[in-house]
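The values are calculated or read from the model by the stated rules, or taken from the named source; none is laboratory data. As the structure is a prediction and not an experimental result, all values here were calculated from the model. So basically every Cβ, Gly included, is an ideal-geometry build from the backbone, and we count neighbours across all protein chains shown.
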Ligand code: NAD
């Protein structure tokens, strides 16, 4: 199949080319993210392949449909950047990679917790300057701490298991509890109780209209003073302005982010020679107790191999008219239609 692959970096191309030895699709790579302006580049292709920060909104979809595109292959699990309802009405099939490495993302959330708690990023810089003072580096034992996990699907359940291994007590909130978590001794509770009880709160639910700004002023008010908040899911789960207010007041003691609600203009690019125009992001960077990574939680060899294999296999299934298990289901499209 002739596929226009957008938003690609050298590592995407490497793993897609490697996997394509098995599939033989005609892949054409573009650096640019797909959006309505870039969409004309898809002329002459049968499918487009995109990632998390491509903007597949109504206008982009209409343009793609006019160009004869019938397939959108997401190289990620989340599909919040595609207007599913419009895609369905234009008979555009959307496929995704529902699972590529839950361990990779869960482990990155744990890395943020450990680095923030033991101030590894500050210690690293100090030691390089021959400063071996310990003041300001005091941490706490994770053992016996209460961890609140919001969303216990593939990633959240692995995260629960790892944190149980540290001897933490894990509380979880999920409208669809996961049976696997019971085996790790996880206790489900309501969201309000989780927010009130937890020393560390980690977000592992998808971004939907219901979860947009799940962590807002009201949710923050329930939390313990000095709470640690970790977000490796999607930036807009958190109201960043409310979080900054709570960092300033000392209510939030630690903030670890791998995602940011306006990350589309920043992440995955080197903008080090440009003026940072996002004042909210700039303010976040000034706090000594905030650790931000640029959407790299997924970025492991296992994940890139799995993303490439599943994406190309999805395209082959559709090309051969077979059932594709990773098609974004009609049920999800119905939910999108109701919103
Ligand atoms: P999943 O679908 O397996 O699990 C999501 C869970 O969230 C489900 O159990 C669902 O019931 C639950 N949920 C839905 N609405 C909820 C709500 N309002 N409150 C609490 N829980 C709710 O998804 P997953 O594979 O575990 O991925 C979780 C999220 O992680 C994805 O949606 C994506 O946004 C993010 N992600 C980030 C990266 C990264 O590199 N940072 C990589 C992969 C995925």
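For the reader, a short list of remarks on this structure follows.
- Meets criteria (in contact (Cβ under 8 Å) with a residue 24 or more places away in the chain and more than 12 Å from the ligand (Cβ to nearest atom)) for residue 178: no
- Selection count, region 119-170, where residues are within 16 Å of the ligand (Cβ to nearest atom) and over 19 Å from residue 254 (Cβ atoms): 10
- Residues of region 214-248 satisfying the condition of being touching a residue at least 24 places away in the same chain (Cβ under 8 Å), out of contact with any helix residue (DSSP H, G or I) (no Cβ under 7 Å at 6 or more places or on another chain), within 15 Å of the ligand (Cβ to nearest atom) and over 18 Å from residue 283 (Cα atoms): 233, 234, 237
- Residue within region 70-81 that is within 21 Å of residue 19 (Cα to Cα), out of contact with any strand residue (DSSP E or B) (no Cβ under 9 Å at 6 or more places or on another chain) and either surrounded by 16 or more Cβ atoms within 10 Å (Cβ to Cβ) or modelled with pLDDT of 95 or more (or both) present: yes
- Check on residue 29, under 24 Å from the mean Cα position of the chain (by Cα) and closer than 18 Å to residue 295 by Cβ: no
- The residue of region 95-118 that is nearest to residue 1 (Cα to Cα), among those that are buried (at least 20 other Cβ atoms within 10 Å of the Cβ) and more than 15 Å from the ligand (Cβ to nearest atom), is 95.
- Boolean, residue 149 is out of contact with any strand residue (DSSP E or B) (no Cβ under 7 Å at 6 or more places or on another chain) and buried (at least 19 other Cβ atoms within 10 Å of the Cβ): no
- Lone unmet requirement of (1) more than 21 Å from residue 215 (Cβ to Cβ); (2) crowded, with 23+ Cβ neighbours inside 10 Å for residue 155: (1)
- The condition of being closer than 21 Å to residue 290 by Cβ and either surrounded by 19 or more Cβ atoms within 10 Å (Cβ to Cβ) or assigned by TED's automatic domain parsing to the domain that holds residue 254 (or both) holds for only one of 183, 172, 123, that being 123.
- Residue match in region 198-205 (condition: surrounded by fewer than 16 Cβ atoms within 10 Å (Cβ to Cβ), in the same structural domain as residue 113 (by TED's automatic domain parsing) and away from the ligand (no atom under 15 Å from the Cβ)): no
- Enumeration of residues in region 112-132 that are out of contact with any helix residue (DSSP H, G or I) (no Cβ under 9 Å at 6 or more places or on another chain) and free of Cβ contacts under 8 Å to residues at least 12 places away in the same chain: 124, 125, 126, 127, 128, 129, 130
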